[in-house]
Amino acid sequence: MNYIELTKRQEKILEIVRNHGPITGEEIAQKLNISRAALRPDLAILTMAGLLGARPRVGYYYTGREPRDVIAGVLGNIRVQEVQSRPIVVRETSTVYDAIVTMFIEDVGTIFVVSEEGFLEGLASRKDMLKATMGGKDINKLPVGVVMTRMPNIIVTYPDESVLRAAEKLIHHQVDSLPVVETVLHEGREKYRVVGRFTKTNITRLFVSLAGK
Ligand code: ADP
């Protein structure tokens, strides 16, 4: 798949630099039979994308990076905290009924369950709720703590983790959302303080905004 659309001329420039680099802008222009000025925007795009390198008095050289590496570079440099959403949390003692109402009101598919101090205890997804309602128990009495997935089996991400790494976790573990956490020491034990929510929607939004839409 070609991730970055290059124009015919940009492809030609890449080919020239690959075969003749390092090469000056003037020499590339001559080979293409165009003016140096006309070439400038294309050279700017190719160097900004990281496909070409430029060194003063030496010229342009091929970096060996593929368009695919450029995408990985961009996503690897965007942090989770730049795209995350607000976490929606309930207490472990909340009923399944109340947790479902919160999911509807807040329009989320996963709810995080936290302790009194705000530390991550578990999380419950739509399917966990469905399972609970199908179990025949009274969901007005059933605590969400009984149906949630519990620590330490929670896959988390961190504010300064790259969105690429976090997205890999979503895919690898086949889940829709990750709590964004900060590790804190509480009474001599490591705990996770929930500071955000990273979901497939965040990635979709980033995807569209990277395309300039
Ligand atoms: P859905 O319920 O809509 O299929 P998920 O695919 O996210 O949503 O959840 C599937 C199962 O994985 C649920 O039992 C849920 O509790 C669990 N789960 C969801 N997110 C995580 C996570 N970040 N870490 C561990 N388990 C999770």
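The values are calculated or read from the model by the stated rules, or taken from the named source; none is laboratory data. Keep in mind it's a predicted model, so treat the numbers as computed, not measured. Cβ: placed from backbone, ideal geometry, glycine included. Neighbour counts: every protein chain shown. Ligands, DNA and RNA are stripped out before the accessible areas are found, and what is left, the full protein with its side chains, is counted by its heavy atoms. Shrake-Rupley method; radii C 1.70, N 1.55, O 1.52, S 1.80 Å.
Below, the figures for the structure above:
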quantity: Whole-percent carbon and sulfur share, accessible surface of segment 80-209, 1.4 Å; calculated: 51 percent
quantity: Computed magnitude of the charge dipole of segment 8-64 (debye, nearest 20; Cβ of K, R +1, Cβ of D, E -1); calculated: 60 debye
quantity: Electrostatic dipole magnitude of the chain [Cβ: Lys, Arg +1; Asp, Glu -1; Cα centre; debye, to 20]; calculated: 700 debye
quantity: Dipole magnitude (debye, nearest 20) for segment 21-130, charges at Cβ of Lys, Arg, Asp, Glu; calculated: 900 debye
quantity: Within segment 155-186, GluC sites (Glu not before Pro) in DSSP loop having at most 10 other beta-carbon neighbours inside 10 Å; calculated: none
quantity: Global geometry of the chain, whether rounded, prolate or oblate, following the gyration tensor of its Cα atoms and the 1.5 cut on a/c; calculated: prolate
quantity: Peptides ranked, highest mean first, by Cβ atoms within 10 Å: ranges 169-177, 77-85; calculated: 77-85, 169-177
quantity: Prolate/oblate/rounded label for segment 1-86 (Cα gyration tensor, a/c 1.5); calculated: prolate
quantity: Alpha-carbon centroids, segment 21-76 and segment 113-168: separation in whole Å; calculated: 48 Å
quantity: Accessible surface, segment 1-137, averaged per residue in Å² (probe 1.4 Å); calculated: 61 Å²
quantity: Peptides ranked, highest mean first, by Cβ atoms within 10 Å: ranges 130-142, 10-22; calculated: 10-22, 130-142
